[in-house]
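Q: Below are the structure tokens for one structure; questions will follow.
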Amino acid sequence: MTVKDLATLTPTGYPAVSLLMPTHRKAPGNQQDPIRLRNLLSETRRRLDLDETVPRDVANQVYDEIATAAERVDLRHMGEGLALFASPGQVHVRLLETPVQERVVIADTYEVRDIVADAARHHRYWALVLSEQPTRLWSGDGSDLVEVHSHGFPFTHEGPGGTIGLPRDYGQEPSKHEVERHRQFFRDVANGLAEVDNLDTRPVFVLGVERYLAAFAKEWTRGIAGTVTGNYDHAGAHEVYQLLAPRLAAYTAMEQVAALEALDAARGANRFAAGLPEVWSLAQQGRGAHLLVEEGYHSPAWVHEDHLHPPEQEPHGESPGVLLDDAVDDVVESVARQGGEVTFVGDDSLAADGRIALIVRY
């Protein structure tokens, strides 16, 4: 799912259960993760049982969905957090690269702010490993890669020069048959990737020997974010990520430069806002076209009568204020939900703008 898809994730109905849990990458911390997950599932069961507005069969259905999804999570290979969402007939699982506050929420909507901010902070991408035996496609989400098994992937070259020999009949030139079959093979790969990318557009990184990279580039017209030259027919997810890590960093840096240049242009046209209170207010109004945030910026804040107040200034009045544990993530979700772009930039890049800035639509 894209950042926008996550921001607009809609449950099928009540109850919408959100289970969020911090996790650990390695021992000894991850040894406690199964116990914590069981405790959160028990809390989910208890909360559903106490909600008298939920019919018993619906409560059982939703609990079974989220419990079954939890059983399939491999807690030995985790990032910094886990999010499970379930409503009648629907369940979603998200592994997070940033920590979350442990909680179970039962409401009309999902608690998606943490996962939207996490997705915005960590780039999703396609990693295509070119080979005749076979070409594989990986879905990348930060350091987490999952192989794609759809739209023809993995592709195997089954024609002359591939799984069967070249023709040897009189007057035929094996090299021409091989070139044509290679051209068709990489055209099929490009078409399959286009179908996947149409569903979820991301930057494409390609790994393979030079002649495969050249052949694929002739068929792929959407642009390649980076390449790695070499034979990686048997590379697993971890190795593919290690190979791509420098290219991902370079691509991220390029995106950040482009975003900062766009902010400078918006500043000159007086179409920008800076500082958390003003940015938060405009984001709530749906005016955010492109949000820029420093990577390490987090800030709690009070919300009172549609205004944001510093955490040390609790508002007083007839109506109580609401304390946000992180108003920055709240802005990220608001902008993404309204279809705006979100770019995280290096710390101190927005020092003159209060660490957060917004290019506005009008």
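The values are calculated or read from the model by the stated rules, or taken from the named source; none is laboratory data. As the structure is a prediction and not an experimental result, all values here were calculated from the model. Here the Cβ is made from the backbone with ideal geometry for all residues, glycine too, and neighbour counts use every protein chain on show. Quick note on the areas: whole protein, heavy atoms, side chains included, nothing else; ligands and nucleic acids left out. Shrake-Rupley method; radii C 1.70, N 1.55, O 1.52, S 1.80 Å.
Q: Considering only the range 189-218, state which residues are open to solvent by 40 Å² or more (accessible area, probe 1.4 Å) and touching a His at 6+ places or on another chain (Cβ under 6 Å).
A: Passing the criteria: only Glu195.
Q: Looking only at residues in the range 50-67 that are touching a helix residue (DSSP H, G or I) at 6+ places or on another chain (Cβ under 8 Å) and not small (Gly, Ala, Ser), which one is most open to solvent (accessible area, probe 1.4 Å)?
A: Result: Tyr63.
Q: Quick check on His77: is it open to solvent by 20 Å² or more (accessible area, probe 1.4 Å) and assigned to a loop (DSSP other than H, G, I, E, B)?
A: Numbers: open to solvent by 20 Å² or more (accessible area, probe 1.4 Å): yes; assigned to a loop (DSSP other than H, G, I, E, B): yes.
Yes: the conditions hold for His77.
Q: Identify, please: which residue in the range 1-57 is touching a strand residue (DSSP E or B) at 6+ places or on another chain (Cβ under 7 Å) and of a type in the set (S, T, N, Q) and is, among those, nearest to Gly81 (Cα to Cα)?
A: Once the filter is applied, the top-ranked residue is Thr23.
Q: Sticking with this structure for a sec: If I filter the range 173-216 down to residues being more than 27 Å from the chain's Cα centre (by Cα) and not in a helix (DSSP H, G or I), which single residue comes out as nearest to Gly230 (Cα to Cα)?
A: First, pick out the residues of the range 173-216 that are more than 27 Å from the chain's Cα centre (by Cα): 173-187, 209-212, 214-215.
Right, trim to not in a helix (DSSP H, G or I) and you get 173, 209.
Details: Glu173: 28, Val209: 5 Å.
Per the stated criteria, the residue is Val209.
Q: Tell me, yes or no, whether the range 243-256 has at least one residue that is over 23 Å from Asp197 (Cα atoms) and outside any strand (DSSP E or B).
A: Looking through the range 243-256, none of the residues is over 23 Å from Asp197 (Cα atoms) and outside any strand (DSSP E or B).
For (1) open to solvent by 40 Å² or more (accessible area, probe 1.4 Å); (2) hydroxyl-bearing (Ser, Thr, Tyr); (3) touching a strand residue (DSSP E or B) at 6+ places or on another chain (Cβ under 7 Å), each residue gets a yes or a no:
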| site | (1), (2), (3) |
| --- | --- |
| Leu292 | no, no, yes |
| Pro300 | yes, no, yes |
| Pro311 | yes, no, yes |
| Val332 | no, no, yes |
| Val335 | no, no, yes |
| Val342 | no, no, yes |
| Ala351 | yes, no, no |
| Arg355 | yes, no, yes |
| Ile359 | no, no, yes |
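Q: Please enumerate the residues belonging to the range 147-162 that are part of a strand (DSSP E or B) and crowded, with 20+ Cβ neighbours inside 10 Å.
A: Initial filter on the range 147-162 (part of a strand (DSSP E or B)): 147, 155, 160.
Matches in the range 147-162: Phe155 only.
Q: Considering each residue of the range 313-330, count those that are in contact (Cβ under 8 Å) with a residue 60 or more places away in the chain, out of contact with any strand residue (DSSP E or B) (no Cβ under 8 Å at 6 or more places or on another chain) and open to solvent by 20 Å² or more (accessible area, probe 1.4 Å), and give that number.
A: Residues that pass the stated criteria total 1.
Q: Where residues in the range 1-21 are aliphatic (A, V, I, L, M) and either open to solvent by 20 Å² or more (accessible area, probe 1.4 Å) or more than 21 Å from the chain's Cα centre (by Cα) (or both), which of them is farthest from Glu111 (Cα to Cα)?
A: Among those residues, the one meeting the criterion is Met1.
Q: Moving to a separate point now. Within the range 22-49, count every residue that is part of a helix (DSSP H, G or I), open to solvent by 80 Å² or more (accessible area, probe 1.4 Å) and modelled with pLDDT under 95.
A: Adding up the residues that qualify gives 1.
Q: For the range 262-315, how many residues meet the condition of being assigned to a loop (DSSP other than H, G, I, E, B) and on the phi < 0 side of the Ramachandran plot?
A: The qualifying residues number 16.
Q: Does Thr221 satisfy being β-branched (Val, Ile, Thr), modelled with pLDDT of 85 or more, open to solvent by 70 Å² or more (accessible area, probe 1.4 Å) and over 30 Å from Leu95 (Cα atoms)? Explain how you work it out, then say what you get.
A: On the way: β-branched (Val, Ile, Thr): yes; modelled with pLDDT of 85 or more: yes; open to solvent by 70 Å² or more (accessible area, probe 1.4 Å): yes; over 30 Å from Leu95 (Cα atoms): yes.
Spelling it out, Thr221 is indeed β-branched (Val, Ile, Thr), modelled with pLDDT of 85 or more, open to solvent by 70 Å² or more (accessible area, probe 1.4 Å) and over 30 Å from Leu95 (Cα atoms).
Q: May I pose another question? Where the second residue is at pLDDT below 85 and assigned to a helix (DSSP H, G or I) and the first is within 14 Å of Ala327 (Cα to Cα) and lies in the range 112-130, which pairs have Cβ atoms under 7 Å and are six or more apart or on separate chains?
A: Filtered contacts from the range 112-130: Val116/Val3.
Q: Looking at the range 317-357, which of its residues are polar (S, T, N, Q) and assigned to a strand (DSSP E or B)?
A: Scanning the range 317-357 gives a single hit, Thr343.
Rundown of residues vs (1) open to solvent by 10 Å² or more (accessible area, probe 1.4 Å); (2) more than 29 Å from Gly13 (Cα to Cα); (3) not in a loop (DSSP other than H, G, I, E, B), yes/no style:
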site	(1), (2), (3)
Val93	yes, no, yes
Val100	yes, no, no
Val104	yes, no, yes
Ala127	no, yes, yes
Ser131	no, yes, no
Trp138	yes, yes, yes
Leu145	yes, yes, yes
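Q: Let me spell it out: the conditions are (1) out of contact with any strand residue (DSSP E or B) (no Cβ under 6 Å at 6 or more places or on another chain); (2) crowded, with 20+ Cβ neighbours inside 10 Å, and Glu71 meets all of them except one. Which number is the exception?
A: With respect to (1) out of contact with any strand residue (DSSP E or B) (no Cβ under 6 Å at 6 or more places or on another chain); (2) crowded, with 20+ Cβ neighbours inside 10 Å, Glu71 is out only on (2).
Q: While we're here: Need pairs with beta-carbon distance below 9 Å; first residue of a type in the set (Gly, Ala, Ser) and within the range 194-214, second in a strand (DSSP E or B) and open to solvent by less than 30 Å² (accessible area, probe 1.4 Å); sequence gap 6+ or separate chains.
A: Final answer for the pair search is Gly208/Leu128; Gly208/Val129; Gly208/Thr135; Gly208/Val228.
Q: Next up: For the range 235-277, which residues satisfy the criterion of being of a type in the set (Asp, Glu) and free of Cβ contacts under 8 Å to residues at least 12 places away in the same chain?
A: Glu239, Glu261, Asp264, listed by residue number.
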